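One structure is given below, encoded as structure tokens.
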Amino acid sequence: MPIPTTSSVSSLVHPLGEFPPDSIVFGKSEAMQSLRSRMDKVASANVPVLINGESGTGKDIVARMIHGLSPWKSGPFVKVNCPAIPGTLLESELFGYEKGAFTGAYGMKPGRVEMAHRGTLFLDEISELDLALQSKLLQLLQDGQFCRIGAQEDKKVEVRIVCATNRQLDVEIENGTFRQDLYYRINVVNLRMPPLRERRGDIDALVQYFLEYYNRKYNCRARMLSSELMGTLQKYHWPGNIRELENLIKRYVILGSEDVISNDLVTRDEQEFFNPDINLDGPISLKALTRKATRELERKIILKVLQAHHWNRKQAARTLSISYRALLYKIRDAGLPPNRSTRRREAPVGAGIAAD
Ligand SMILES: Nc1ncnc2c1ncn2[C@@H]1O[C@H](COP(=O)(O)OP(=O)(O)OP(=O)(O)O)[C@@H](O)[C@H]1O
Ligand SMILES: [Mg+2]
């Protein structure tokens, strides 16, 4: 799908240059399939859409797809990254100003709302708008009217509004930082982007896609990851979602070594280890969680010691103060590769495999 027409007001070119194929963007999971059918239905109707999801789940891509499928697809797609614009400037960026509206307003300037006429206005991280701007936006949603700063009269604009957030707006409403009436206006249709850990069945296809893409882009010939590393990717928690996976594969293609990314994952996992992601929607088992965490910690310690000893298992067993046989058992039990050679397809020149 070609990238939709963009406006000059912000950098709108997707890092991939064009959208990945639908089969990659939506994959096979039920959650993404239903998201896709909701997106298809809503795209042709000019109603506001709220896209919810963690960072890196594809909110930007979906906002652009909605635009690309809308009747105004040949119109502008104007993105406003709300947190990136200081609060005081945001009002003039969004709504524009008249000459002399404030000191330094030497000429009139249209805002992004106006620039998005007959197109899509994408408000990213909408929860960052302050309450005064929220009420101006509410007016725009109610009657399509807004007022440039310093203007005597309202202006009318036809625009489709798509908002995105990675916050829970109902909590912001309870805290008094987000207007409930605005929430109802922007949330006519809600699209929830599932985090990558809820669509693990798509990881293999995403890896394959990014590998081919970055091999082509950087003129490299990195091979498919080993099945051991693919297994690790399947178990990983992916706090940065698809963006994190994409960056990982990009690094692998450029650096050409699986060690770089498996070490990265171990370090990131460790940072998160003491911050477990616990879903409190239902009952949790302290015993099961602790057992899982202990096994995970043991796996990481063994992996680290093996790496430190260049996969020499006898030395690793001595360092860990366990028998060689116990280490072999634990390596198997933890799903770690039995020796270094199976972890890498392409050993760099001079990298020998340590003998036991
Ligand atoms: N479904 C997907 N298929 C393929 N690539 C994806 C998908 N979702 C995200 N990506 C990749 O991950 C990167 C991040 O996606 P995107 O910018 O859409 O996430 P986001 O939800 O808007 O994140 P943030 O909240 O940080 O702005 C994109 O550059 C894209 O390359
Ligand atoms: Mg985004």
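Taking 0.36 nm per residue of separation and subtracting the Cα-Cα distance, what length does fully extending ASP333 through ARG223 add?
36.9 nm
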Exercise. Normalised by the residues of the chain, what does the relative contact order come to in percent, with Cα pairs under 8 Å and at least six apart?
Worked result: 16 percent
Seminar exercise, completed: Given a Förster distance of 41 Å, the FRET efficiency implied by the Cβ-Cβ spacing of GLN234 and TYR184, rounded to the nearest 0.05, works out to 0.55
For this session: Binning at 10 Å from 0, report for the range 198-276 what percent of all alpha-carbon pair distances ends up in each bin.
Result: 18, 55, 23, 3
Exercise. Could you give the dipole magnitude of the range 198-276 about its Cα centre, charging the beta-carbon of Lys and Arg +1 and that of Asp and Glu -1, in debye to the nearest 20?
Worked result: 400 debye
Problem set entry | Angle between the chain longest axis and helix 241-255 axis [Cα atoms, degrees, rounded to 10] | 60 degrees
Exercise. Once both axes come from the Cα atoms, what is the angle between helix 258-273 and the longest principal axis of the chain, in degrees from 0 to 90, rounded to 10?
Worked result: 70 degrees
Exercise. Any idea what angle helix 203-217 forms with the longest principal axis of the chain, computed on alpha-carbon atoms, 0 to 90 degrees, nearest 10?
Worked result: 80 degrees
Problem set entry | Dipole magnitude of the chain about its Cα centre (Cβ charges: Lys, Arg +1; Asp, Glu -1), debye to nearest 20 | 1500 debye
Exercise. Once the principal axes of the Cα atoms of the chain are found, what is the range along each, listed largest first in whole angstroms?
Worked result: 83, 48, 43
Problem set entry | Unsatisfied cross-links (Cα-Cα over 23 Å) in the set LYS99/LYS136; LYS109/LYS155; LYS41/LYS73; LYS235/LYS330; LYS28/LYS59; LYS79/LYS136 | none
Seminar exercise, completed: Per the rule of 0.36 nm per residue minus the C-alpha distance, extending LEU69 to GLN33 adds in nm 11.3 nm
For this session: Please build a GNM for the chain, connecting alpha carbons under 10 Å apart, and tell me which residue among ILE249, ILE85, ILE66 fluctuates the most.
Result: ILE85
Seminar exercise, completed: For the ALA293, ARG216 Cβ pair and Förster radius 45 Å, calculated FRET efficiency rounded to 0.05 is 0.65
Exercise. With each label point set 7 Å from Cα along the Cα-Cβ vector, what nm distance links LYS304 and CYS147?
Worked result: 6.1 nm
For this session: Quickly rank 186-195, 209-218, 97-106 as a protection proxy: mean count of other C-beta atoms within 10 Å, highest first.
Result: 186-195, 209-218, 97-106
Exercise. In whole angstrom, how far apart do the alpha carbon centroids of the range 138-201 and the range 58-108 sit?
Worked result: 13 Å
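Using the crude model of +1 on Lys and Arg Cβ and -1 on Asp and Glu Cβ, and no other charge, please compute the dipole size for the range 22-194 relative to its Cα centre, in debye to 20. Spell out each step's value before the answer.
Details: 21 positive and 21 negative charges, 118 e Å.
Using only the charged Cβ atoms, the result is roughly 560 debye.
Taken together, the values in this text are just the output of simple stated rules run on the coordinates, not laboratory data. Source: prediction; values computed, not measured. Here the Cβ is made from the backbone with ideal geometry for all residues, glycine too, and neighbour counts use every protein chain on show.
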